[in-house]
Amino acid sequence: RSGAGKEETQAVLFDREKDGVDGLAFYGLCKDDRHHFRMIISPENGHQIDDFHGYMRGVMGRMESDLGTTLNWIGAVHYDTDDVHAHVIIRGVNERGQDLVIGRDYIASGIRARAQELATELLGERSLEEIQKSQEKQVEALSVTSLDRFIEKNLNEERVVDASRENNFGKDRFYEGLVKGRLQFLSTTGLATEYPPGIYTLRENYMDVLRESSQRQNVLNNLYRQNPDMDLDGLSFYSMKADEGEIIYGLVMNKGPVDEITDRKYLVVKDAREALHYVPFGELKDYDDLRVGALVTVKPGVGSSGKADFNILQIAKTNNGIYDPRHHMAYIEAELSHIEPENREGYLASHSKRLETLAKNGVVTGLGDGRYEVPADVVERGEEITREINAREGKRFYPKLEVLSAKPLEKLVSAQKRTWLDRELYKQSLGKPSLPEYGAEVEAALQGRREWLVSKDLGVIQSNGEFALRDGAMKQLRVMEMRRVGEKLAGQLEAHYTDKLVVPDKSYTYRGYAELESGTWAVVQEKDKLHMARVKSVPDTKVGKSVAFSEIKDGVVEMRELQVQQEASKARELSQAERTRRELDRDED
């Protein structure tokens, strides 16, 4: 990560032999491995280890001895948190090229033991005073500590723990004092209640509250470190509960990893009223394309769409209110051809699992052999059951993200292509803007775009002072983008770009594709002329192949490889091989 190294420099990648290794080369080695291992090594007082790279090489060497194989790994040391720590990725292949298997026990405690062992050798044993100071910090920590885990183990079924006596847990006086101090602190936060004196009742979810509090503080620390000038006092944290949370339209102000080891990401979004929202996401396919200043819509995650319940009801309706998996499979085979044959059993099983949940909650009645009696209101009752389950189990659902513009709006003001700003101006002319309100930045970008469009004669200020797009402006913007990209590519290929459409069934040479605002375009060449043709998806064709197109329909064509080209290529290869053989024969003569 940028700025994670010493003194906010780029962290240095290193391996068993040297610093400054090539990360892309390592990626090339392991991208096809069945699995890999990731870990973080963060020793207490790690800032006192002068050669952290050497320390990590020592830890990895001891792991190799334990596992009986050479490990192929890459690491980086980060200094951007309160504790110096190293990230390591280990290939999932051993020195014999077989899948690397590491036992669960060794993952759980063996690696930690080796890291502790070497850190102790380098730093020396911690004194009793140091250990006690470390434990004392846990008493008032707003995070889950070892004291909390000890307390959790000593709770009775009513979540009550008795700390009224001098010795309650069979521990020494110091540790007993720590536990009592922790319980008193938890009672001041509302996570525990003391009544009568010395008897504490812990909230059922107090560990979850502590984890959330710790995560929030970590988030704030991280954001303050990255953006010392950002006012985060009013930062809100987007809800992870199903169907909870407002719809936010706003600009991306910050982005990054949620934590140190997972692939989860976050965005900080500023809405039209200047309020900041911290929004965590799971997998976010558009993450790499998003820039600070991008315009997005955030919507709450949903627990269940109710689609399975609807499908169950439709099958039951055709069979006098009885769901039968055999009827469902027949329907899948007849009507849902888009589901691949190998996936149909799994699709059916997902409905069976849902039926089991509905039966446990008294919504449907099991009849045996996978058959169920299904009421007419199964969808409505199913929605209620889902809400109850989500609330009871505390399920978390990541928000949904819609990217309106991946690029900052100010970059779109003078862009020679159709942009979100143009689409919004068009919707405004219809009285149907896509956003309920605009922030200052959006308003400024829209005004800047109006002025640019007028300067290019693509828009006009009417007599009433209102702005209007000229007829054909959207098409002209698309042509401008194509021409700009086409001329750039033509220059690279030493050809001439032409606006002329491709001719159906005519042979062209495929040169690649371009992703434009208006869609995906195949780039083809005819002698010294370069054409662009809009296609449905990225072509699965090698550059240099001969291709032809279908008739243009709704502005889109289908591209196909010409077999003639393949046969001609083979003939040329054979001809070249024959000439090479003759030349070799001549040399021998």
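The values are calculated or read from the model by the stated rules, or taken from the named source; none is laboratory data. Everything numeric in this text was worked out from a predicted model, so none of it was measured. Note that we place each Cβ from the backbone using ideal geometry, even for glycine, and neighbour counts take in every protein chain shown. Ligands, DNA and RNA are stripped out before the accessible areas are found, and what is left, the full protein with its side chains, is counted by its heavy atoms. Shrake-Rupley method; radii C 1.70, N 1.55, O 1.52, S 1.80 Å.
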Cα centre as origin, Lys/Arg/Asp/Glu Cβ charges: the stretch 94-161 dipole, Debye: 140
With all protein chains present and a 1.4 Å probe, the order of Glu333, Glu152, Glu176 from largest accessible area down is Glu333, Glu152, Glu176
Hey, what's the Cα Rg ratio for the stretch 469-529 versus the globular rule of thumb, 2.2 N^0.38 Å? 1.19
What are the extents of the Cα atoms of the stretch 300-424 along their three principal axes, listed from largest to smallest and rounded to whole Å? 66, 38, 25
Calculate how many DSSP beta bridges within the stretch 442-555 are antiparallel, expressed in % of all such bridges and rounded to the nearest 5. 90
Given Cβ charges of +1 for Lys and Arg and -1 for Asp and Glu, the option among Ile40, Met60, Tyr27 whose Cα lies farthest towards the positive end of the dipole of the stretch 24-63 is Tyr27
Treating only the Cβ of Lys, Arg, Asp and Glu as charged (+1, +1, -1, -1), what charge dipole size does the stretch 1-75 show about its Cα centre? Round to the nearest 20 debye. 220
Violating pairs (Cα-Cα greater than 29 angstrom) within the set Lys299/Lys542; Lys400/Lys432; Lys270/Lys488; Lys265/Lys407; Lys285/Lys500: Lys299/Lys542; Lys270/Lys488; Lys285/Lys500
Under 17 Å between C-alpha atoms, the lysine pairs in the stretch 127-205 lying 8 or more places apart or on different chains count 5
Can you give me the solvent accessible area of Val209 with a 1.4 Å probe, rounded to the nearest 10 Å²? 50
Top to bottom by accessible area (1.4 Å), largest first, where do Ser127, Ser405 land? Ser127, Ser405
Over the stretch 157-303, calculate the relative contact order: mean separation of alpha carbon pairs under 8 Å at least 6 apart, over the residue count, as a percent. 19
Explain nothing, just the number: dipole magnitude of the chain about its Cα centre with +1 on each Lys and Arg Cβ and -1 on each Asp and Glu Cβ, in debye rounded to the nearest 20. 1460
Taking the chain and counting helices only, DSSP H stretches of n ≥ 4 at -39,500 (n - 2.57) each over all residues, the nearest-500 ellipticity at 222 nm comes to -12000 deg cm²/dmol
Positive end of the charge dipole of the chain (Lys, Arg +1 and Asp, Glu -1 on Cβ, about the Cα centre): tell me which of Tyr238, His277, Thr509 has its Cα farthest that way. Thr509
Can you order the peptides 452-464, 376-388 by their average number of other Cβ atoms within 10 Å per residue, highest first? 376-388, 452-464
Helix 420-429 versus the longest principal axis of the chain: what angle, 0 to 90°, nearest 10, using Cα atoms? 80
PRE zone check, label point 7 Å out along Cα-to-Cβ of Asn45, amide N under 15 Å, scope the stretch 123-140, hits 123-135
Sorted peptide list for 500-512, 162-174, criterion being average Cβ within 10 angstrom, highest first: 500-512, 162-174
Histogram of C-alpha separations across the chain, 20 Å bin width, %: 13, 32, 39, 13, 2, 0
Would you list which aspartates and glutamates come within 15 Å of Lys456, measuring only between C-alpha atoms, while excluding same-chain residues fewer than 8 positions from it? Asp422, Asp471, Glu481
Given charges at Cβ of Lys, Arg, Asp, Glu: the stretch 290-397 dipole, positive-most of Asn320, Leu367, Asn390: Asn390
Hey, what angle do you get for helix 563-588 against the long axis of the chain, alpha-carbon based, 0 to 90 degrees rounded to 10? 90
